[in-house]
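The structure appears below as structure tokens.
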């Protein structure tokens, strides 16, 4: 076989391989980007739920601290007056 013919076959096969690998990389980038967007949406939802839960816990805690039974069990300590 002629060396020029061999180099033409080599470059043809290399070109096909580069096209296939590039296509595979583009498909992988598409799916990775799509997955990252989905994860971002999920994180935003979780953050909203955490904020709501924090507010509810604060409300419940405030209600408990204001209750009569809590105040009977845990009496508020008075600060000693300092005489000057």
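Worth a mention:
- Selected residue [under 29 Å from the mean Cα position of the chain (by Cα) and surrounded by 10 or more Cβ atoms within 10 Å (Cβ to Cβ)] from 57, 18: 57
- For the condition in a helix (DSSP H, G or I), surrounded by 10 or more Cβ atoms within 10 Å (Cβ to Cβ) and modelled with pLDDT under 90, residue 29 does not qualify.
The values are calculated or read from the model by the stated rules, or taken from the named source; none is laboratory data. These numbers were taken from a predicted model, which means no experiment stands behind them. Please note: Cβ atoms are built from the backbone with ideal geometry, for glycine as well, and neighbour counts cover all protein chains shown.
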